[in-house]
Amino acid sequence: MATFSVVVSDPETGRSFTREVDGQDANRFMGREIGEEVDGTAVGLDGFTLEISGGSDDAGRPMRSDVRGAELSEVLLTGGVGYNPDRDGERRRVTVRGREVGEPITQLNVKVTEGEGSVPVALGEEEPEEVEAGTEEAEETEEAEEEGESEEVADEDESEEPEAEAAADEANTDETEA
């Protein structure tokens, strides 16, 4: 049974998150190729779509999108995934994996292509943010709070008036008696 370490990258924030996937969730990736889209529920991203962008096996050999199948292949490379030449024109024969996800793959790289909401929140890495300032919900909340405060102020004003009237009445009665 396959087990993958899936690295989910979020292009909007530039962050990446690692999830261990095994069993039926890992089988959703089996037989897929680099560039194919997969439902995000396998890694806990309900409502998101993921694109397979690469991976590597237990020896660290990378998957290449220009090599067919899932097996090892020795390829003469001038650069790109799996080889970084030191000089111009330098070539080297390198062993790489094909573009198909198979049993030997231990790490799988995917990126979020579609979905609404925040990836860190969906994965449980962050708490959902409160209502942001400047949105309609925030303005409605502020208006409701202001109305509550104005009612309290009005209540205080009403309670002060009888005391002020009573004090004024006493002053008037004192003046008339004298």
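Give me the pairs: first residue in region 66-82 and touching a residue at least 12 places away in the same chain (Cβ under 8 Å) and within 19 Å of MET30 (Cβ to Cβ), second residue assigned to a loop (DSSP other than H, G, I, E, B) and acidic (Asp, Glu), beta-carbon distance under 8 Å, and six or more apart or on different chains, which are they?
Once the first residue is touching a residue at least 12 places away in the same chain (Cβ under 8 Å) and within 19 Å of MET30 (Cβ to Cβ) and sits in region 66-82, its partners that are assigned to a loop (DSSP other than H, G, I, E, B) and acidic (Asp, Glu) give ALA70/GLU103.
Yes/no matrix, rows are residues, columns are (1) modelled with pLDDT of 95 or more; (2) loosely packed, with under 13 Cβ neighbours inside 10 Å; (3) under 14 Å from the mean Cα position of the chain (by Cα):
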| residue | (1), (2), (3) |
| --- | --- |
| THR49 | no, no, yes |
| ALA59 | no, yes, no |
| LEU72 | no, no, no |
| GLY89 | no, yes, no |
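Provide a single number: the residues in region 16-31 that are surrounded by 13 or more Cβ atoms within 10 Å (Cβ to Cβ), out of contact with any Leu (no Cβ under 9 Å at 6 or more places or on another chain) and of a type in the set (D, E, K, R).
Residues that pass the stated criteria total 2.
The values are calculated or read from the model by the stated rules, or taken from the named source; none is laboratory data. Note that the structure is predicted; figures quoted are calculated from it, not measured. As a convention, Cβ positions derive from the backbone with ideal geometry for all residues, glycine included, and neighbour counts pool all protein chains shown.
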